[in-house]
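Computed from the coordinates by the stated procedures, all read-outs in this text should not be read as laboratory data. Just so we're clear, the structure is a prediction, and the values are computed from it rather than from any experiment. FYI the Cβ positions are ideal-geometry reconstructions off the backbone, even for glycines, and counts take in every protein chain you see.
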């Protein structure tokens, strides 16, 4: 319509020239208005973003690919509530957790296996097959006889549930969402549809449904075919591989240029001569170099970077300013992609020169798409054949085949999530002395856990008060910063001085754990506290002897009144206390440790196997510290005066000239003869001293000692043994 209108307007204004100009402008406008709707083939982004759009095409996967898939079924969020505490007038705490069940379609072609799975970019399942979050997982290969998933059938009814035959999909049942902000994460799957590499021939034959019709040249690790038509699904792959239609007597084939068969000498066919000279019969057309693209940019999936997008470029010799971009939804290593981009760039001039050759009817035997050679040995590709008036008009395109081998190419810095192998975890319990600002009213049981590598995600824990009792949920414990055991036995050391004689050899759980050295100021300020069995120590120097072995020196031993546990065998548990991951059992639960029957059950996150650990019942935090500086003096009348200095579990440091807080409800002492003597003691004292009369001293046999204990609110302190000789 615009052509007609502008042609008339141009005729009125500028005559014949104006009419021509108006017609040209009108043609351009009509071409834009009435041009047919374009078609879209596969796009790289389609495989990276999880969707749930109704009617969205599901790609057919070949080889091994990473795809996001489409959510085809899902439940509402499943909410669970857990109530803790609330006894003895204390407020209760209600914790909420969420899970979801869903099905994700992956391929509209059968697949062989589903390997790694990513959730929000982090590995949900690694190569070991173990899930990092708790869920039940099933997948269906897309066969025509696959059954209905039982979860979907139970949710929608067996009569309404679809088996999705011909569609490969994965099902997650009760996938825990706490690690994903209580929302469905973006899932990606590594799907193996075919064993080994694939090429354009395999893909073309599968999509066209005719074996032997297609031939490929470049090997790919994977390809995702999608689009409204087979032509659109194959277009990116065929464009990159240079695949063209080739005619033959036994039917057509699709093959890369140069692989359609051996070149045919055009001189073997008779040329039709209806011209006065050979020059008149030559029809040659050569496009300018500026018509060629200046560069080829090939985008693909990089297997060395967990299938992230990669891009390789190649310059076209003599090309113009235009840049051609090829989005290839295929898996190709960086070296292969670089070679393919250079090959496409080198072949950009292929077909720039055209020639018309006329022959007799015997030239109909020349296949369209095949390669022929002229007398000058130049190679040409048969583009078309036209038969008219007893002659065959053949259009030839210059053929310049180029083959470039793969080279060493840097694929770029990988940002892939670490794929940790399965690791064995361990949970240790430590009975701590009172380390808080006040007096503890319940045992201080520290729960620490770690795995053999950083892939271990922690554990769920439950306290069992007594054998056969109902387990009480405790919570999730995260991996500790440093947990291990002694690699060699450790002898006793002096708790009042720096222990420069002994060295502690510690074997930590995994190589990523690190111990740091500190100066004396930090050490005396409380840095580098650690438990070795039931002894609290500090270390000033940490030296790495291997991946997991450390040597600790410049020690402070028996801290916070734990000097009685100063000798330890090899394999005694070790934990660094300067860490937020280990936690103390709540007082209400730690109280069950007093009976000596309690245990802690734990299971690795995502696992179902329960392991049981006994809860220590020594209750060191409730026991007053043993008194020190015992002294015996003669009272001058045959008796003796016994005195000592108390320590406080509220403040375990040394304070010169300051009376430390008592830490108990009242001050009381119990003094006993050691070994026991009938009729002598025990003596109860309200202060840190005892007077024994002459008769009492005479009743004590030689070699007798006194065991002095502080009477605490919950337990007696360890004794101070004071010889009387």
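By the gyration tensor of its Cα atoms, with a ≥ b ≥ c the square roots of the eigenvalues, what is the shape of region 200-255: rounded for a/c under 1.5, prolate for a/b over b/c, or oblate? Don't skip to the end; give the middle numbers.
Numbers: a/c = 1.70, a/b = 1.42, b/c = 1.20.
Verdict is prolate for region 200-255.
Taking Cα centroids, how far is region 128-157 from region 288-337 in Å?
When both Cα centres are located, 39 Å separates them.
If we count other beta carbons within 10 Å of each Cβ, what is the order of 513, 672, fewest first? Intermediate values should be presented prior to the final figure.
Numbers: 513 20, 672 17.
So the residues, fewest neighbours to most, are 672, 513.
Report, in degrees rounded to the nearest 10, the 0 to 90 angle that the Cα long axis of helix 2-33 makes with the longest principal axis of the chain.
Tilt of helix 2-33: around 40 degrees.
Per 0.36 nm of contour for each residue apart, how much would the distance between residue 287 and residue 229 grow if the chain were fully extended, relative to their Cα-Cα spacing? Please list the in-between numbers first.
On the way: separation 58, 0.36 × 58 = 20.88 nm, distance 3.21 nm.
17.7 nm is the gain from fully extending residue 287 to residue 229.
Which of the three applies to region 539-607, rounded, prolate or oblate, going by the alpha-carbon gyration tensor with a ≥ b ≥ c and a/c under 1.5 meaning rounded?
Note, shape of region 539-607 comes out oblate.
Compute the helix-to-body angle for 334-346: its Cα long axis versus the longest principal axis of the chain, expressed 0 to 90° and rounded to tens.
Tilt relative to the chain: about 20 degrees.
Need the full-extension length gain, residue 587 to residue 666, defined as separation in residues times 0.36 nm minus the C-alpha distance. One decimal, nm.
26.2 nm
Neighbour counts of other C-beta atoms within 10 Å: give me 151, 706 arranged from fewest to most.
151, 706
Given that compact globular proteins tend to follow 2.2 N^0.38 Å, what is the ratio of the alpha-carbon Rg of region 628-723 to that value? Write down the numbers at each step before the final one.
Values: Rg = 14.1 Å, N = 96, 2.2 N^0.38 = 12.5 Å.
For region 628-723, the normalised Cα radius of gyration comes out at 1.13.
Hey, with R₀ at 35 Å, roughly what FRET efficiency would residue 50 and residue 424 work out to, going by the Cβ-Cβ distance, to 0.05? Please report the intermediate quantities before stating the final value.
Numbers: r = 33 Å, r/R0 = 0.95.
Calculated transfer efficiency: 0.60.
Largest first, please: the extent of the C-alpha atoms of the chain along each principal axis, to the nearest Å.
The principal-axis extents, from largest down, are 154, 61, 59 Å.
When only alpha-carbon atoms count, how far does region 425-617 stretch along each of its three principal axes, as whole angstroms with the largest first?
49, 38, 28
How far is helix 230-241 tilted off the main Cα axis of the chain, in degrees rounded to 10, range 0 to 90?
Helix 230-241 sits roughly 90 degrees off the main axis of the chain.
Can you give the calculated 222 nm mean residue ellipticity of the chain, where each DSSP H run of n ≥ 4 adds -39,500 (n - 2.57) and the sum is split over every residue, rounded to the nearest 500 deg cm²/dmol?
-3500 deg cm²/dmol
Out of all Cα-Cα pairs in region 184-232, roughly what percent, to the nearest whole number, are more than 15 Å apart?
Roughly 55 percent, once rounded to a whole number.
Beyond 18 Å, what share of the Cα-Cα pairs of region 534-670 remains, rounded to the nearest whole percent?
74 percent
Taking the Cα centre of each part, how many Å lie between region 185-225 and region 438-484?
49 Å
In bins 5 Å wide, starting from 0, what share of all Cα pairs of region 277-342 does each bin hold, as a percent?
With a bin width of 5 Å, the distribution comes to 4, 17, 20, 14, 11, 9, 8, 5, 4, 3, 2, 1, 0.
Before anything else, pin down the relative contact order of the chain: Cα pairs under 8 Å, at least 6 apart, normalised by residue count, whole percent.
Worked out over the chain, it gives 8 percent.
Taking neighbour Cβ counts within 10 Å as the exposure measure, how do 300, 691 sort from fewest upward?
Least to most surrounded, the residues fall as 691, 300.
Restricting to the chain, compute how many DSSP beta bridges are antiparallel as a %, nearest 5.
Close to 95 percent.
If you stretched the chain out fully between residue 145 and residue 716, how much longer would it get, using 0.36 nm times the residue separation minus the C-alpha to C-alpha distance?
Gain on stretching residue 145 to residue 716: 198.2 nm.
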